[in-house]
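Asks: I'd like to ask some things about the structure below.
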Amino acid sequence: MASSRRPTLTEIAREANVAISTVSKVLNGHTDVAPSTRRTIEKLITERGYQRPRTARRAGRRTDLIDLVINQLDSVWGLSILSGVEEVIEDAGLSLVVSSVHNRQSLTRRWIDSLLARGSEGAILVLSELTEAQRGDLERRGLPFVVVDGVSQPPPEVPSIGATNFSGGYAAAEHLIQLGHTRIAAIGGPEQLQCTRARIAGYRAALETAGLPADRQLVRYSNFQHEGGLQATAALLDRPERPTAIFAGSDQQATGVYEALRRAGLRIPGDVSVVGFDDLNFAQWTAPPLTTVRQPLHEMGVAAARTLLRLINGERLESTRIELATELVVRESTRSVK
């Protein structure tokens, strides 16, 4: 008896002995596919009961467009996620339209109208806030979408990609505690962001586990950029008892921490140990090289794009939430307390 499970795009490509992008071209009506190959793919699609993407049935045409809307596109962080999305979208023979919300977390009505007007096949929303009304608008139009590192935790039914931010914050603080630090400060990103709350919660949990007091005055919130780390660190150093270690919410923020400590005449790690978050490509080249929590940004982009393609192809997701593991990378910006 034949299986009732619908085949995936990958399985069709494997059976036809062609690339996924070739199957995508046939589905999209491209003419640059050999007639014999096209007939083979079309036959497999029919025989295996492959469900064509909803957009093709909805609009009667394919645009081959995927939308990516992202905050902080001009940062290494944003470009790392973009590289993962591009890798998958290009392999599928589709094109990517990239929009930046320029540090505004909320999507605008204009952007949604533009997305619908150009007939995109689906959307990936990175570090953005999707309101209930906007979500309902996209769902009513039958447009698949995936949220990456949203402002708030999306509802369980919304496909989303993230990292183990709580574990990352815990690992950063635990590392500093094991080095003998007891006055450990933390600088978060914008307080309303889910990833910020999770990292700070992990930091606090590690302090609690070690029996250390969680001093509210040692926690600051700012933006994820260089100036955010600079300003927050300056405020921390103004306290009567300065911290001996600082956990920054991003590597870019950590560069601001470095600058503030340099201006204050303090050495890293001799006077203050520093831990970042993300493991961006420059982290190993800072002076000293930055101890940080690796966030798999490229892989998060890959996972988001693959999830979106599965939705477009009518596939059922085993889980709507994917969290990729973070990892502590120890370099030379941390040391034991003397």
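Here is a yes/no grid of residues against (1) in contact (Cβ under 8 Å) with a residue 12 or more places away in the chain; (2) part of a loop (DSSP other than H, G, I, E, B); (3) open to solvent by less than 50 Å² (accessible area, probe 1.4 Å); (4) not small (G, A, S):
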residue	(1), (2), (3), (4)
D113	no, no, no, yes
Q134	yes, no, yes, yes
A171	yes, no, yes, no
G180	yes, yes, yes, no
A185	yes, no, yes, no
P190	yes, yes, yes, yes
R197	no, no, no, yes
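Asks: Hey, another quick one. Among residues belonging to the stretch 254-285 that are within 21 Å of R242 (Cβ to Cβ) and of a type in the set (S, T, N, Q), point out the one that is most open to solvent (accessible area, probe 1.4 Å).
Replies: Checking each candidate, the answer is T255.
Asks: Checking the conditions here, which among S222, S128, S160 is modelled with pLDDT under 90, of a type in the set (S, T, Y) and either farther than 30 Å from P269 by Cα or more than 15 Å from the chain's Cα centre (by Cα) (or both)?
Replies: Step by step, each of S222, S128, S160 is checked, and only S128 is modelled with pLDDT under 90, of a type in the set (S, T, Y) and either farther than 30 Å from P269 by Cα or more than 15 Å from the chain's Cα centre (by Cα) (or both).
Asks: Only one residue in V98, V69, V76 is surrounded by 19 or more Cβ atoms within 10 Å (Cβ to Cβ) and modelled with pLDDT of 65 or more, so which one is that?
Replies: It is V69.
Asks: Sort out which residues of the stretch 266-292 are within 25 Å of F166 (Cα to Cα) and outside any loop (DSSP other than H, G, I, E, B), and write them in order of number.
Replies: Within the stretch 266-292, S273, V274, V275, G276, F277, D278, A283, Q284, T291, T292 meet the criteria.
Asks: Within the stretch 22-47, which residues are surrounded by fewer than 16 Cβ atoms within 10 Å (Cβ to Cβ) and at pLDDT below 80?
Replies: G29, H30, T31, D32, listed by residue number.
Asks: Restricting to the stretch 295-324, name every residue that is under 12 Å from the mean Cα position of the chain (by Cα) and open to solvent by 30 Å² or more (accessible area, probe 1.4 Å).
Replies: Selection gives H298, E299, I322, E323, L324.
Asks: Here's another thing I want to ask about it. From the set of residues in the stretch 241-253 that are farther than 15 Å from Q231 by Cα and open to solvent by 10 Å² or more (accessible area, probe 1.4 Å), which is modelled with the lowest pLDDT?
Replies: Among those residues, the one meeting the criterion is E241.
The values are calculated or read from the model by the stated rules, or taken from the named source; none is laboratory data. Quantities reported herein were computed from a predicted structural model and do not represent experimental measurements. Backbone-built Cβ (ideal geometry, glycine too); neighbour counts: all protein chains shown. Note: accessible area is taken over every heavy atom of the protein model, side chains too, but ligands, DNA and RNA are not part of it. Shrake-Rupley method; radii C 1.70, N 1.55, O 1.52, S 1.80 Å.
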